[in-house]
Structure formats: C-alpha cells, structure tokens
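Student: Below is a structure I'd like to ask you about.
No value in this document is a laboratory result; all are computed from the given coordinates. Everything quoted here is computed from the prediction, not taken from an experiment. FYI the Cβ positions are ideal-geometry reconstructions off the backbone, even for glycines, and counts take in every protein chain you see.
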Amino acid sequence: MIKIERLSKFYGKKQVLNSIDLEFKKGKIYGIVGENGAGKTTLFRCISGLESYKGNILSDFTELKDHLGLLLTEPYFFSKITGKEYIQLLANARQTEITKIENKNIFGLPLNQYASTYSTGMKKKLALTAILLQENNVFILDEPFNGVDIQSNLIITEIIKRFKKLEKTVIISSHIFSTLENTCDEIYLMKNGEIINKVEKADFKNLEKKMKEFTVGNKIDKLELK
Amino acid sequence: MIDFGIPLLIGYALLPSVFILLSYYLFQKTEFANYAYGLFALSFISKLSEPKRNDFLKSIFNKGKYKKLRISENILYSLPFTLFLIYQKQFVFSLILNLCVFVITLFNFSTDLNVTIPTPFSKKPFEFTIGFRKTFFVFPITYFLTYVSISVGNFNLGVFSMLLIGLTCFSYYPKMENEYFVWNYNLSPKEFLIEKTKTCLIYFTFLSLPIIMALSISFYREIDILIVFFLLCYAYLTSMIFAKYSSFPKEMNMSQGILIAISFMLPPVLLIFIPLFYSRSIKKLNALLND
C-alpha cells in the first residue's frame, strides 16, 4: 500500500501539486487523468523519490523506490547501448538476475541494435520490458500507450491485468481513456495540481461523458469552422 | 554571472592559462607529446562533426556557406593547438593537424554508424560499454606501441601505452548520466560508488593486462616503476568517478575540472582530492539513493 498525505510541490514560487491525499492499495490498478500540465508527471516523480516534496508518502516497503518500476513518458537512452544492454543495466541496478533475455522479448524488439536508433514506440516498449524484468511490486506507468502500435497496446493492457492477479499495485496515466477503462479499478482526475474527482469502475462511463463536457464544451464552436 | 561553478569572467581568463600550462606540462613530460597533442586536438575538434548538428546546419545554409562555416569553426577550434605546436617548433605536426582538420570538414564522416560494435563489457553497462565502442581503435594502437617498446627496448614507450589506456578509460566518465539511471540502483551511496569504482578498475585492469604482462616480463627490473604508474591510473580513475558524482545530478563543473587538472600536475594532491570528492558524492547521492 502507498499512502500519500498532504503532498505539495513547488517549483520556485509556482505550486504544481496542492495538498494531495491518495491511497494506492495492493492488487489494484489506478488511473490518473488530467490535462497536460495538471501535475501527473510531477506526482509520479514525487512518489518515486525523484523530486523533493512537502507532505508524507508512506508505504509497506522500507524503501519504496527499490520495489518500484517507473516508466517515464520519454525514457532516456544512451547513444551506444543496445536494447539488450539497456535491460541488463536496469536489472543490474536492482541486482536481478536475468537469463535468456531474448526469450522474454515479448514485443519482438531488435535487442542487438542500439536503443537510441529505436522509434518512439520501440523505446517505450524497451523501457517497459526493462522495468517488467526488474521484478517490481509497484509500477508507475506514465503514458505507457503513447506512440505504441495497436498490437503492443493489447499486450500492455494484458500485462496490466496480469499484475492485478499478481497483487501488484499499478498507477497509470494515459490520455487514451479506453485503455484506462479496460484496466483500472479507480480513476483520479487531476487539475491544476489537485485531485478534483475520484471515480469508481461503475462510474467510468459517466466520467468519460463528464470529461468530454468539461474538456470540449463549446470550445470548438469558437473556431467557427466552415 | 556564475556558470560552471566559478564566475564566468574568471573562467574565461583562466582557460587560456590552464591550456598553456597543461600543454607545457605535456611537452615536458614525454617525448611523444606531439602525437598525444594531435590526438587531443582532433578529438576536441571532432565534437563539431556530430551528424545531427551538421544536418541541422546543412538544412539552414547552402552548400558553399556550410563548407565555409565548418572550415572556419574547425580552424578556430584547432588554432590554440596549432599555435602551441608552432611555438614548440613542431611545424610538420601543426601542418598535419591542419590537414586533418580540413579533411574532417570535407568528408564530414559520421561517427554514429548503426553497426553494433561488439564489446567485452556488455554484462555491466554502461560506461565501458559505450566508451569501448567509441574508442575501440585506441587499444590495438596501444598494444602495438607496447610491442614496439619491447622491440626497441624503450620502457617509457610501454608505460606511455598503459597511460594511454588509463586516459582513454578516464574519458568514459566525465559525462553525467540521467538521474533515472542512478535512481534505479537499490544501493546506498557508498555501495553505489564502490560498485562503480570496482567495475571501472576491473575493466581497466582487463584492458591494460596485456601491456602490464608484456612489460613485466621484458623490463622486470623496472617493475616497481610500472606498478607505481599502474596504481596512479587506479587513483586517477577513482578520483574521476568521485569527482563526477560530487556534482550529481549536474555535469561536472569547471572547479572540479581544475582540481583534476591540478592533480595531473601534482599527483600527491590526490590524497586530499579523493576523500574530498568522495564525501561530496555521498552527500549528493543521498538525495536519490538509500541511506
């Protein structure tokens, strides 16, 4: 379990997270949605310990980050590291033994090529494979479906569902609502650094409708498209 | 006006002095300085040959202007080296350097080939894995120089070959990795630094072992000098790793660079700098790694 209490984050004078209270339970999948700049990535960086913050983040683990697989929106890659070596690097960092990496290459990536030459989607899939093989208990996936082909999209969705069975905690942010609807138990709506709504699975349909009204409204009319 | 950890104006004023001092030092220390100097100059200039950068320039300027610009910037970059070579009366070397600079501009060869270069360091990425792929051509040269040193009975040339490997490995470390790659480690700062240093020293030993073995057999009376230089390489590599993480998550700043430059001129100061860099690294890494 991860419990977030009164989490706030400032960049200089600008407040990007405002007294957030959240609880993520074992074996549950959580979605975080919100506009660009709502604070989702900052929230993830705070939970993972990549950012300092005000407030408390408590968990069942002595060191949460050692059990956390973090998929960044835009994963970083070195210039002359192959896909296989990238996986090895992240496994070594957690002292995880990986045997026969090729057999675990479920996305069919060219693992012997330099990862920096991969396409955006391939990079995302490689980064995801690497954190999956780290044997984590908690996963934070920031836009896991971005730039990924439909086949891999289905695989990622199934992986997330499998995590639920394995009693892992997964927190996902995505702009593709259907993928969240398929996988999440709860979805939180973020705006201007605050959680403004919590929606249970039964109300997902209403959330999509509400979001559409709230986000789109009559904005398109302003364009006076002809 | 603060940049690189020291005031910018002082930095600009210091830079030529540091360059001249280091150049002097190199030419005083070894008879092969002109070769090393040429290599330094070319590696410095090659930073301008990055394909992405040049593709961008090509998209802005027409062919003629692009060539003029590339030649001008390469000549500007090589100018301090050329002037010092002329001052040292190394006219042939200065001419060769400028010819190389011109050739680099004309052909604009890409150093970023998509061919995956095999490396013996795949098991523990990333510094040696990347570094080896960028500098793999240095190692046959050093082994050949060792062979020459033994053939002609020149111990100094053999030691120089080993130092060249040390210097090459040294160059694998200044660039700071993204904090994500440090964050991933489930080690304490102390364990992390030990792990990094251990990997570096093992891999350096692996690369320089053929030279050490060959020199130990051929010049067994001078084995004590060889050991001293070998341990010096260990000390410099360790100081480099600690210096790098002492500025984490930022890149190494100029003040750390100056301290390292001083240690090259006065090796005993490493006894002060290594613990200093180590304690600073621990403090910086504490923000991300476990206590």
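Student: So how many Å³ per residue does the convex hull of the Cα atoms of chain B work out to?
Tutor: Dividing the Cα hull volume of chain B by its residues yields 165 Å³.
Student: Something else now. In nm, to one decimal, how far is the B:Lys29 label point from the A:Gln15 one, both placed 7 Å along Cα→Cβ?
Tutor: 5.6
Student: Further question: Please identify the DSSP H helices in chain B that span no less than 20 Å along the helix axis (Cα) and have a mean Kyte-Doolittle hydropathy of 1.0 or more.
Tutor: B:8-29, B:91-107, B:138-152, B:155-170, B:223-245, B:270-285
Student: So, in Å, what gap is there between the alpha-carbon centers of segment A:148-226 and segment B:216-257?
Tutor: Value for the Cα centre distance between the two parts: 53 Å.
Student: Something else now. Chymotrypsin sites (Phe, Trp or Tyr not before Pro) within segment A:35-94: which are DSSP loop residues with at most 11 other Cβ atoms inside 10 Å?
Tutor: Answer in residue order: no site qualifies.
Student: Another question, then. Take every Cα pair under 8 Å in chain A that's 6+ residues apart, average their separations, divide by the length, and report that relative contact order as a whole percent.
Tutor: With pairs under 8 Å counted, the relative contact order is 28 percent.
Student: Is any residue of segment A:188-217 close enough, with backbone N under 19 Å, to a label point placed 7 angstrom from the Cα of A:Glu5 along the Cα-Cβ axis, and if so, which?
Tutor: A:195
Student: Given a cut-off of 19 Å, name the pairs among A:Lys165/A:Lys191; B:Lys124/B:Lys198; B:Lys175/B:Lys284; A:Lys198/A:Lys219; B:Lys175/B:Lys250 whose C-alpha atoms lie farther apart than that in the structure shown.
Tutor: In this structure, A:Lys165/A:Lys191; A:Lys198/A:Lys219 exceed 19 Å between Cα atoms.
Student: Pick out the long, greasy-scoring helices in chain A: whole DSSP H runs spanning 20 Å or more along their own axis by Cα, mean Kyte-Doolittle at least -0.5.
Tutor: Helix filter hits for chain A: A:150-165.
Student: Using R₀ = 45 Å, calculate the FRET efficiency as 1/(1 + (r/R₀)^6) where r is the Cβ-Cβ separation of A:Ile155 and A:Asn192; round to 0.05.
Tutor: Working: r = 34 Å, r/R0 = 0.76.
In this case the efficiency is close to 0.85.
Student: To continue, here is another question. Suppose we look only past 36 Å in the calculated P(r) of the protein assembly as shown. What percent of the Cα-Cα pairs does that tail hold?
Tutor: Summing the P(r) of the protein assembly as shown above 36 Å gives 45 percent of all pairs.
Student: Using a 10 Å cut-off around each Cβ, can you sort A:Glu194, A:Glu224 from fewest to most neighbouring Cβ atoms?
Tutor: Final ranking by Cβ density, sparse to dense: A:Glu224, A:Glu194.
Student: Then there is this: For segment B:1-113, what number of Lys pairs, 8 or more residues apart or on separate chains, have alpha-carbon atoms under 25 Å from each other?
Tutor: 12
Student: Separate question: At 4 °C and 1.567 mPa s, grab the translational diffusion coefficient of segment B:123-291 from Stokes-Einstein with a Kirkwood Rh over Cα pairs, rounded to a whole number in µm² per second.
Tutor: Once the numbers are plugged in, D ends up at 77 µm²/s.
Student: Rounded, prolate or oblate: which fits segment A:1-77, taking a ≥ b ≥ c as square roots of the Cα gyration tensor eigenvalues, rounded meaning a/c under 1.5, else prolate when a/b beats b/c? Kindly include the intermediate steps, with their values, before the conclusion.
Tutor: Numbers: a/c = 1.44, a/b = 1.19, b/c = 1.21.
Cα axes put segment A:1-77 in the rounded bin.
Student: Something else about it: Semi-axes of the equivalent ellipsoid for segment A:2-208, please: Cα gyration tensor eigenvalues, times 5, square-rooted, ordered largest first, whole Å.
Tutor: 28, 19, 17
Student: As an exercise, use a Förster radius of 22 Å and the Cβ-Cβ distance of B:Ala13 and B:Ser279 to find the FRET efficiency, rounded to the nearest 0.05.
Tutor: 0.15
Student: Separate question: Over segment A:86-153, what per residue volume does the convex hull of the Cα atoms give, in whole Å³?
Tutor: Given the Cα convex hull of segment A:86-153, per-residue volume reads 94 Å³.
Student: Can you work out ³J(HN,Hα) from phi for every residue in segment A:4-9, in order, using Karplus 6.51 cos²θ - 1.76 cosθ + 1.60 and θ = phi - 60°, giving whole Hz and x for Gly and Pro?
Tutor: 10, 10, 6, 6, 10, 9
Student: What does a probe at A:Asp60 reach in segment A:1-43, counting residues whose amide N is under 19 Å from the point 7 Å along Cα→Cβ?
Tutor: In segment A:1-43, the label zone of A:Asp60 (backbone N under 19 Å from the point 7 Å along Cα→Cβ) covers A:1-5, A:22-31.
Student: Would you mind calculating the gained length between A:Lys100 and A:Lys209 on full extension (0.36 nm times residue separation, minus the Cα-Cα distance), in nm to one decimal?
Tutor: Numbers: separation 109, 0.36 × 109 = 39.24 nm, distance 4.60 nm.
My answer for the length gained is 34.6 nm.
Student: Something else about it: What three numbers, in Å, describe the spread of the alpha carbons of segment B:1-113 along their principal axes, ordered from the longest?
Tutor: Answer, in whole Å and largest first: 44, 41, 26 Å.
Student: For peptide A:88-95, what's the mean number of Cβ atoms from other chains within 10 Å of each residue's Cβ?
Tutor: 6
Student: May I ask you to compute the full-extension gain from B:Phe56 to B:Leu209, defined as 0.36 nm times their residue separation minus their alpha-carbon distance, rounded to one decimal in nm? Could you put the intermediate results ahead of the total?
Tutor: Working: separation 153, 0.36 × 153 = 55.08 nm, distance 4.28 nm.
Working it through step by step, the gained length comes to 50.8 nm.
Student: Let me have the relative contact order for segment B:222-291, percent, based on Cα pairs under 8 Å that are six or more residues apart. Mind dumping the intermediate values first?
Tutor: Details: 50 pairs, mean separation 28.6, N = 70.
41 percent.
Student: Sticking with this one: Can you compute the modelled spin-label distance between A:Ser52 and A:Ser178, with each label point 7 Å from Cα toward Cβ, in nm?
Tutor: Going from the A:Ser52 label point to the A:Ser178 one covers 4.5 nm.
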